[in-house]
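Enquirer: I have a structure here, written as structure tokens, and I will follow up with some questions on it.
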Amino acid sequence: MEQTQSDDVRFTSRHSYAIYRAPLHAIKLLRDRGGHVRKGQLLHHAMDRQDVVDVLAMLLERGAALDSKMYETHYFSGRLYHFKGLGTALHKAADLGKIDAVHYLIS
């Protein structure tokens, strides 16, 4: 996994970068080794994946905050990206047209 300079600002934790780019088995390994599901915007980054529902299920099962807003705990990124309308993972799923993720999140 090559990390670009633009990725450095976007991701606030290694775990959030893994959720965005790593294969599912690597995410499961992080989970099993104590990866913290409340650090980084994991649910939001999962929306960019093809297997979004599988990743969402795993994160929510481990206690990820369903109603957390993008960058709400990372002041610098929140200020940098405030113009994007930083909502919840459900907002991002709807914006991206991820119908399967929307259905999963509201069920």
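The values are calculated or read from the model by the stated rules, or taken from the named source; none is laboratory data. A quick note: this is a predicted structure, and the numbers were derived from the prediction, not measured. All Cβ positions, even for glycine, are placed from backbone atoms using ideal geometry, and neighbour counts span all protein chains on display.
Enquirer: I need a count of the residues in segment 18-48 that are under 13 Å from Tyr104 (Cβ atoms) and outside any helix (DSSP H, G or I).
Expert: 1
Enquirer: For Leu105, only one of the following conditions fails: (1) at pLDDT 90 or above; (2) not in a helix (DSSP H, G or I). What is its number?
Expert: (2) is the only condition that Leu105 fails.
Residues checked against (1) surrounded by 16 or more Cβ atoms within 10 Å (Cβ to Cβ); (2) more than 16 Å from Lys69 (Cβ to Cβ); (3) modelled with pLDDT of 80 or more; (4) touching a strand residue (DSSP E or B) at 6+ places or on another chain (Cβ under 8 Å):
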residue	(1), (2), (3), (4)
Gln5	no, yes, no, no
Val9	no, yes, no, no
Thr12	yes, no, no, no
Ile19	yes, yes, yes, no
Ile27	yes, yes, yes, no
Leu30	yes, yes, yes, no
Arg33	no, yes, yes, no
Gly40	yes, no, no, no
Leu43	yes, no, yes, no
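Enquirer: Report, by residue number, each residue of segment 45-60 that is surrounded by fewer than 19 Cβ atoms within 10 Å (Cβ to Cβ) and within 18 Å of Met70 (Cα to Cα).
Expert: Of everything in segment 45-60, those that are surrounded by fewer than 19 Cβ atoms within 10 Å (Cβ to Cβ) and within 18 Å of Met70 (Cα to Cα) turn out to be Asp48, Leu60.
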